[in-house]
């Protein structure tokens, strides 16, 4: 693997890489670049809306807030748009189904479309686990970029276990990874590495975005 490789490293790829490592050695999870644009993002150019996505506990809110502050863009916390019934269901440890998610995703999509229609900018958080969810949010706009915080379950679980004050219990992480469809190269995506610090992610992400605007 070299820095010139542009193929997406899926969670399965990373798991295989770790399993092949010497059992006495520390696995090198830094094979992921801190930030990288998908082929579709490179073709689309600079986005005006960023949807920070990933499983629960990956750091969506922290990362989104830092990126929004650096860019001077407004930020919307996607979880704030969940219907009360969804929050109650998740608080009880019951995963949402597609019927539960649909009105929530459409509401996020409405806000995103409002930003793009006005020629505005914005950052929103949403797990966006499946491609059809991302399609519902983006509504075909090439100005919407998903910032995917990518990592293994073994990297994210400890973070989720330390988190307090959120309605999503850590026991639901299994179901999130089971549902996850990692974004493909033909989606408008900025991949960032969950093992990097927030400052590192923001700096690398802004470098990529600046390169797209040049």
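The values are calculated or read from the model by the stated rules, or taken from the named source; none is laboratory data. If you're wondering where the values come from, they're calculated on a predicted model, not measured in any experiment. Cβ placement follows ideal geometry from the backbone for every residue including glycine, while neighbour counts extend to all protein chains displayed.
Specify the residue that is surrounded by the fewest Cβ atoms within 10 Å (Cβ to Cβ); the eligible residues are those in segment 68-82 that are in contact with a strand residue (DSSP E or B) (Cβ under 6 Å, 6 or more places away or on another chain) and over 23 Å from residue 101 (Cβ atoms). Even if it seems obvious, please write down each step before you answer.
To start, the set of residues in segment 68-82 that are in contact with a strand residue (DSSP E or B) (Cβ under 6 Å, 6 or more places away or on another chain) comprises 68, 73-78.
Now drop any that are not over 23 Å from residue 101 (Cβ atoms), which leaves 68, 73-74.
Working: 68: 21, 73: 17, 74: 13.
My answer is 74.
Only one residue in 108, 149, 201 is closer than 16 Å to residue 65 by Cβ, in a helix (DSSP H, G or I) and either free of Cβ contacts under 8 Å to residues at least 24 places away in the same chain or in contact with a strand residue (DSSP E or B) (Cβ under 8 Å, 6 or more places away or on another chain) (or both). Which one? Lay out the reasoning, then the answer.
On the way: 108 fails: closer than 16 Å to residue 65 by Cβ; 149 fails: in a helix (DSSP H, G or I).
None of the others qualify; the one that does is 201.
Can we say residue 32 is over 14 Å from the mean Cα position of the chain (by Cα), closer than 21 Å to residue 141 by Cβ and either modelled with pLDDT under 95 or assigned to a loop (DSSP other than H, G, I, E, B) (or both)? Lay out the reasoning, then the answer.
On the way: over 14 Å from the mean Cα position of the chain (by Cα): yes; closer than 21 Å to residue 141 by Cβ: no; either modelled with pLDDT under 95 or assigned to a loop (DSSP other than H, G, I, E, B) (or both): yes.
So residue 32 does not fit the description; no.
Within segment 134-146, which residues are touching a helix residue (DSSP H, G or I) at 6+ places or on another chain (Cβ under 8 Å) and outside any strand (DSSP E or B)? Steps first, answer last, please.
Going residue by residue through segment 134-146, those that are touching a helix residue (DSSP H, G or I) at 6+ places or on another chain (Cβ under 8 Å) are 136-139, 141-146.
Within segment 134-146, 136, 137, 138, 139, 141, 142, 143 qualify.
Could you identify the single residue in 101, 159, 131 that is at pLDDT below 95, within 28 Å of residue 84 (Cβ to Cβ) and out of contact with any helix residue (DSSP H, G or I) (no Cβ under 8 Å at 6 or more places or on another chain)? Quick ask: steps written out before the conclusion?
Working: 101 fails: out of contact with any helix residue (DSSP H, G or I) (no Cβ under 8 Å at 6 or more places or on another chain); 131 fails: at pLDDT below 95.
159 is the lone residue from the list that is at pLDDT below 95, within 28 Å of residue 84 (Cβ to Cβ) and out of contact with any helix residue (DSSP H, G or I) (no Cβ under 8 Å at 6 or more places or on another chain).
Kindly indicate whether residue 57 is surrounded by 15 or more Cβ atoms within 10 Å (Cβ to Cβ), touching a helix residue (DSSP H, G or I) at 6+ places or on another chain (Cβ under 8 Å) and on the phi > 0 side of the Ramachandran plot. Explain how you work it out, then say what you get.
Numbers: surrounded by 15 or more Cβ atoms within 10 Å (Cβ to Cβ): yes; touching a helix residue (DSSP H, G or I) at 6+ places or on another chain (Cβ under 8 Å): yes; on the phi > 0 side of the Ramachandran plot: yes.
For residue 57, the condition - surrounded by 15 or more Cβ atoms within 10 Å (Cβ to Cβ), touching a helix residue (DSSP H, G or I) at 6+ places or on another chain (Cβ under 8 Å) and on the phi > 0 side of the Ramachandran plot - is met.
Taking segment 162-181 as the region of interest, how many residues are under 21 Å from residue 195 (Cβ atoms) and modelled with pLDDT of 90 or more?
Number satisfying all stated conditions: 2.
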